[in-house]
1. Which ones in region 41-70 are without any contact (Cβ under 8 Å) to a residue 12 or more places away in the chain and outside any helix (DSSP H, G or I)?
2. For Ile77, only one of the following conditions fails: (1) in a helix (DSSP H, G or I); (2) at pLDDT 95 or above. What is its number?
3. Can you name the condition, by its number, that Met15 falls short on among (1) at pLDDT below 90; (2) assigned by TED's automatic domain parsing to the domain that holds Met83?
Amino acid sequence: MGDTMAKSKFMSSYMDVLKNDYPELYKMLVQMNDEVYNPEVLDEKTLKLVAVALVAGTNDGTSIKMQMQNAINEYGITKDEIMDVLRMVLLINGKPAFTKSVGILSSL
């Protein structure tokens, strides 16, 4: 498990800066990423849905869109499945994070 997620390493364009200017820190983050995206019990699709929910709770539109696009394109996750986790965002994080995420999802 973890192979698909490990291949798509990082979504931040700033990781190239770390890779070039701080290679030891970059190496540490790669190792941590590989460990996190190597679940022991959950399947990769479920783990990706957790990632979508977590980032939706941050109310960061750019990150939400990137995670949702990756979920749909790389994991075959449907908009209905994403909507299921967004309901949890409404309950836990509130209406602003939920409505922003629903708007982003509808634009994909």
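The values are calculated or read from the model by the stated rules, or taken from the named source; none is laboratory data. None of these values were measured; they are calculated from a predicted model. Glycine also receives a Cβ, built like all others from the backbone with ideal geometry; neighbour counts cover every protein chain displayed.
1. Val41, Leu42, Asp60
2. Result: Ile77 passes all but (1).
3. Just one mismatch for Met15, condition (2).
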